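The structure under discussion appears below in the form of structure tokens.
Read-outs: derived from the displayed coordinates by stated rules, not from any lab. As the structure is a computational prediction, the values presented were derived from the model and not from experiment. Glycine also receives a Cβ, built like all others from the backbone with ideal geometry; neighbour counts cover every protein chain displayed.
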Amino acid sequence: MSQAVVSEPLERTLVLVKPDGVRRGLAGEVIGRIEAKGYRLVALDLRTPDAALLAEHYAEHEGKPFYAPLVEFMGSGPVVALVAEGQRVIEGFRSLAGATDPTAAAPGTIRGDLGRDWGLAVQQNLVHGSDSPVSAAREIGLWFPAL
Ligand code: UDP
């Protein structure tokens, strides 16, 4: 009897190596983990994002106490923005990144292995990864409109 083969669709996610990660020289390490996991890079750029882009990127957090300091931090220096592709890459990169709080993030994850609290709670946690297909599409459109 033949079995039905369900082919999972390719997904894309937006990853940012935040200014703390770039300043600490960890961009290569993050990219290496994404590639070693088997995902494919489809876009890559180093840039210092302006306030307008960051306001759109973090629109869901507007009004929260950490919003203004977060936008200031994210604009404080270059970030590496990239798009990675693969089946279930959105979930897969979130799993590579680990929990938001780098102190609590599991060892083996990017935040758990390389991050810590620098006195600003969870603000500086090295990486961003889209959290859903809808967010990924929106964020890729913001950072890489040509894709
Ligand atoms: N953040 C912060 N203070 C908080 C919560 C979040 O500065 O109390 C920052 C942190 O850099 C985090 C980002 O806001 O990565 C987005 O928060 P979210 O809850 O979406 O976490 P993530 O999806 O990045 O794990």
Problem - Options Y67, I31, V80, ranked by Cα towards positive dipole end of segment 10-143, top entry (Cβ charges) - result: I31
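So how strong a dipole does segment 31-108 carry about its Cα centre when Lys and Arg Cβ are +1 and Asp and Glu Cβ are -1, to the nearest 20 debye? Kindly include the intermediate steps, with their values, before the conclusion.
Working: 7 positive and 10 negative charges, 74 e Å.
Around 360 debye, computed over segment 31-108.
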Exercise for the section: Using just the helices of the chain, give the 222 nm mean residue ellipticity in deg cm²/dmol: DSSP H runs with n ≥ 4 each add -39,500 (n - 2.57), and the total is spread over all residues, rounded to 500. Expected result: -10000 deg cm²/dmol
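Given a Förster distance of 22 Å, report the FRET efficiency between S135 and L41 from their Cβ-Cβ distance, rounded to the nearest 0.05.
Working: r = 19 Å, r/R0 = 0.87.
For R0 = 22 Å, the calculated efficiency reads 0.70.
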Completion exercise
On the formula 1/(1 + (r/R0)^6), with r taken between the Cβ atoms of E62 and V6 and R0 of 30 Å, the FRET efficiency rounded to 0.05 is 0.15
Practice task
Rank by packing, highest mean first: peptides 11-23, 135-147, with packing defined as the count of other Cβ atoms within 10 Å averaged across residues.
Solution key: 11-23, 135-147
Fill in the blank from the handout: Here segment 29-39 yields Karplus 3J(HN,Hα) values (6.51, -1.76, 1.60; θ = phi - 60°; whole Hz; Gly and Pro given as x) of 4, 5, 4, x, 5, 5, 5, 5, 6, x, 7
